[in-house]
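Below: one structure, written as structure tokens.
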Amino acid sequence: MLKGELKVFSGTSHPELAAEICSYLKKPLGKASIFKYSNDNTFVSVNENIRDADVFIIQTSCAPVNDNLMELLIFIDACNRASAGRITAVVPNYPYARSDKKDQPRVPITARLVSELLTVAGADRVITIDLHAPQIQGFFSIPLDHLTARHIVAKYFKKKGTSNKVVISPDAGGVDTVEKLANLLDLPYAIVDKRRLGNEDTVEARGIIGDVKGKDAIIFDDEISTGGSLQKVVSILKEQEAKDIYACCTHPVLSGPAIDRIKKMPLKELVVTNSMPIPQKKRLPNLTILSLGSLLAETIKRVHHGESISALFK
Ligand code: R5P
């Protein structure tokens, strides 16, 4: 077991989540200064002693993605040079998670590159939630705790009641996750045959495998970005005569046309987590935000004390 004191620091991406985590842990947020020089270079200074400490840096991926990533790398470097005992990057939404394979000629695997950058910067461990593809864990040569928001979502829907509901995977890639959510809720699931066309945010939904007629549908995806996938999935569910439709995701990117699209969708409710900040103007009346604060704080506590993380999901 590590002897160093547990210290939590936050980048600038999601201070509210960092505050929640600190409040759960009953710890003050670590003191640091972060700013940009006039030449656009990021500066981080840790303003308290962290020698031999067990340091956790909270920094999620959200716009501006590259700035937030660079800030995290610089923060890790600062902690490393300040002789921290161990450095854990807590990255609820992992940057570039969708760039996880070479599926076209001459394209990068940026999710892998990010894993190398974190390691080279000096991270000893990473904590993240609902990776776009669980195989991304294999990109890391350092320990990675891959958490899931499924149990939080399941608890929420159990409270609402699960009668006559079906869980929907928006694509073949999400089946494993959706099957696990359906099992937690003791519900059947159905799969939409959704494909992405080219590198633009264009998608098509060709059909649905499973029975949704007359049932309330709970769509679960890792992220909603432009809302294009959700739009297609909702319209195919309506075609197939599903009743109320609930859309859920872990990472509410809600970029570009997402909000305008969602406003026009016949959604009973949009249920997301606070893995990334959601500006007030994007908070639609049918939006529910489930907090990851206690899950992340409990994980940090367990990592610090060398206790099981999987036990959290039993
Ligand atoms: C893709 O495979 C993901 O699981 C999501 O479905 C996708 O990232 C959503 O993106 P958008 O909202 O832009 O369609």
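What follows draws every value from the coordinates through simple rules; no lab data is involved. Not measured: the values here are computed from a predicted model. Cβ: placed from backbone, ideal geometry, glycine included. Neighbour counts: every protein chain shown.
Antiparallel versus total DSSP beta bridges in the chain: what percent is that, nearest 5? Looking only at bridges with both residues in the chain, the antiparallel portion is about 20 percent. The lysines whose alpha-carbon is closer than 27 Å to the alpha-carbon of LYS7, local same-chain residues fewer than 8 away aside, are LYS26, LYS27, LYS31, LYS36, LYS301. Label-to-label distance, GLN135 versus LYS160, with points set 7 angstrom from Cα along the beta-carbon direction: 3.2 nm. Of PRO95, PRO279, PRO134, the residue with the greatest mean-square motion in the GNM of the chain, using alpha carbon springs below 10 Å, is PRO279. Neighbours of LEU184, meaning other residues whose beta-carbon lies under 12 angstrom from its beta-carbon, give a summed charge of +3 when Lys and Arg score +1 and Asp and Glu score -1. Determine, from the Cβ-Cβ distance of SER45 and ALA311 and an R0 of 41 Å, the FRET efficiency 1/(1 + (r/R0)^6), rounded to the nearest 0.05. For SER45 and ALA311, the calculated efficiency is 0.65. Among the trypsin sites (Lys or Arg not before Pro) in region 1-79, which ones are in a DSSP loop with at most 16 other Cβ atoms within 10 Å of the Cβ? Mind listing them? Of the trypsin sites (Lys or Arg not before Pro), the ones in loops of region 1-79 whose Cβ has at most 16 other Cβ atoms within 10 Å are LYS3, LYS26, LYS31, ARG51. Among DSSP bridges having both ends in region 138-290, what percentage is antiparallel? Round to the nearest 5. Here the share of antiparallel DSSP bridges comes out near 20 percent.
To one decimal place, what orientation-averaged projected area in nm² is obtained for the convex hull of the Cα set of region 150-290?
Projected over every direction and averaged, the Cα hull of region 150-290 covers 7.7 nm².
The charge dipole of the chain, taken about the Cα centre with unit charges on the Cβ atoms of Lys, Arg (+1) and Asp, Glu (-1), comes to about 560 debye, rounded to the nearest 20. Could you give the distance between the Cα centres of region 235-293 and region 10-72, to the whole Å? Measuring centre to centre over Cα atoms gives 28 Å. Within region 7-47, the chymotrypsin sites (Phe, Trp or Tyr not before Pro) that combine a DSSP coil assignment with at most 12 other C-beta atoms in a 10 angstrom radius are TYR37. Using a 10 Å Cβ count of at most 10 others and DSSP loop calls, identify the longest part of the chain lacking such GluC sites (Glu not before Pro). Longest gap between qualifying sites, sites excluded: 1-199. Model label points for GLU179 and ASN199, set 7 angstrom from Cα along the Cα-to-Cβ axis, are 3.3 nm apart.
What number comes out for the charge environment of VAL46, summing +1 per Lys or Arg and -1 per Asp or Glu over other residues with Cβ under 11 Å away? Computed value for this residue: +2.
Taking amide H as placed 1.01 Å from N in the peptide plane, ARG125 has its amide H under 5 Å from the amide H of ILE87, ALA89, each at least 5 places away in sequence or on another chain.
By its C-alpha gyration tensor, with a ≥ b ≥ c as the square roots of the eigenvalues, how is region 46-198 shaped: rounded for a/c under 1.5, else prolate for a/b larger than b/c, else oblate? Write out the running numbers ahead of the final one.
Values: a/c = 2.88, a/b = 1.62, b/c = 1.78.
In terms of gyration-tensor shape, oblate.
A simple spin-label model places the labels of ILE142 and ARG106 3.4 nm from each other, with each point 7 Å out along Cα-to-Cβ. Given springs between every Cα pair under 10 Å in a Gaussian network model of the chain, which of ILE191, ILE109, ILE168 has the largest fluctuation? Residue with maximal mean-square fluctuation among ILE191, ILE109, ILE168: ILE109.
Full extension of the chain between ASN80 and LYS243 yields a length gain of 53.3 nm, computed as 0.36 nm times the residue separation minus the alpha carbon distance. Under the combined filter of DSSP loop state and at most 10 neighbouring Cβ atoms within 10 Å, region 170-243 retains these trypsin sites (Lys or Arg not before Pro): LYS213.
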